[in-house]
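The values are calculated or read from the model by the stated rules, or taken from the named source; none is laboratory data. Computed from a predicted structure; not experimentally measured. We place every Cβ from the backbone using ideal geometry, glycine too, and count neighbours over all the protein chains shown.
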Amino acid sequence: MAFGDIRLLAMDVDGTQTDGSMVVFEKSTIKFFNARDGLATNIALRCGILVFWISGGFSEAVETRAKAMGITGLLQGCPDKGSALVRIALENGIPIEQTAFIGDDLNDIPAIKAAGTGIAVGDAAPECKRCADHVTEAPGGKGAVREVVERILRERGLWEDICADFEKYAITDKPVSQ
């Protein structure tokens, strides 16, 4: 499966979108999301890739971040991520071969195996890495999602144009030549 064929990118949240760290207060939890992973997610969405987060737990922080990102869908409290991925693909008319799932821990293994392209983050549990088709160099919450999105868009031949669009609007202190 070529990364460039991926039309649906699903992932776990804790340990994938975040580094897995949590600060727990009496009534709330703080999670740390990576801005570069966020920008990559936004770019993927703008390029027509469906992005779903599938989490085994429930967190208001995750819901808030998902809404801010404008991701395609969020499933929280999901005990069977593999079946959820298959259902999402069917509901969106996407062959399972054109899906990818990024995960980091044991409860992600069913989705990693179900996906057309199963991906483990660089610091994933060894069992996840063994099941995955690809292991990122970056750890979860530290650029792994960015790495996957960039590879998808490079294989589609879009990444250089995306970068050029950002460079076009760069503000510089350089004087304009006359």
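Scanning for something in a helix (DSSP H, G or I), out of contact with any helix residue (DSSP H, G or I) (no Cβ under 7 Å at 6 or more places or on another chain), farther than 15 Å from GLN17 by Cβ and not hydroxyl-bearing (Ser, Thr, Tyr), does region 99-117 turn up at least one residue?
Step one: list which residues in region 99-117 are in a helix (DSSP H, G or I), which gives 106-114.
Remaining after also requiring out of contact with any helix residue (DSSP H, G or I) (no Cβ under 7 Å at 6 or more places or on another chain): none.
Looking for residues that are in a helix (DSSP H, G or I), out of contact with any helix residue (DSSP H, G or I) (no Cβ under 7 Å at 6 or more places or on another chain), farther than 15 Å from GLN17 by Cβ and not hydroxyl-bearing (Ser, Thr, Tyr), one finds none in region 99-117, hence no.
Would you confirm whether any residue within region 117-129 is modelled with pLDDT of 95 or more, farther than 20 Å from ASP37 by Cβ and hydrophobic (A, V, I, L, M, F, W, C)? If you could, list the steps in order and put the result at the bottom.
Initially, region 117-129 is screened for residues modelled with pLDDT of 95 or more, giving 117-129.
Now drop any that are not farther than 20 Å from ASP37 by Cβ, which leaves 126-127.
Filter once more, so that each one left must be hydrophobic (A, V, I, L, M, F, W, C): none.
Checked against the condition, which is being modelled with pLDDT of 95 or more, farther than 20 Å from ASP37 by Cβ and hydrophobic (A, V, I, L, M, F, W, C), region 117-129 yields no hits at all.
Counting only helices (runs of 4 or more DSSP H) that fall entirely inside region 1-92 and contain at least 1 residues that are of a type in the set (Lys, Arg) and touching a helix residue (DSSP H, G or I) at 6+ places or on another chain (Cβ under 7 Å), the qualifying elements are 35-46, 81-91. Summed over region 18-40, the residues that are loosely packed, with under 15 Cβ neighbours inside 10 Å and acidic (Asp, Glu) give a count of 1.
Among the residues of region 41-68, those that are within 19 Å of GLN98 (Cα to Cα), in contact (Cβ under 8 Å) with a residue 40 or more places away in the chain, surrounded by 15 or more Cβ atoms within 10 Å (Cβ to Cβ) and not β-branched (Val, Ile, Thr) comprise ALA44, LEU50, PHE52, TRP53.
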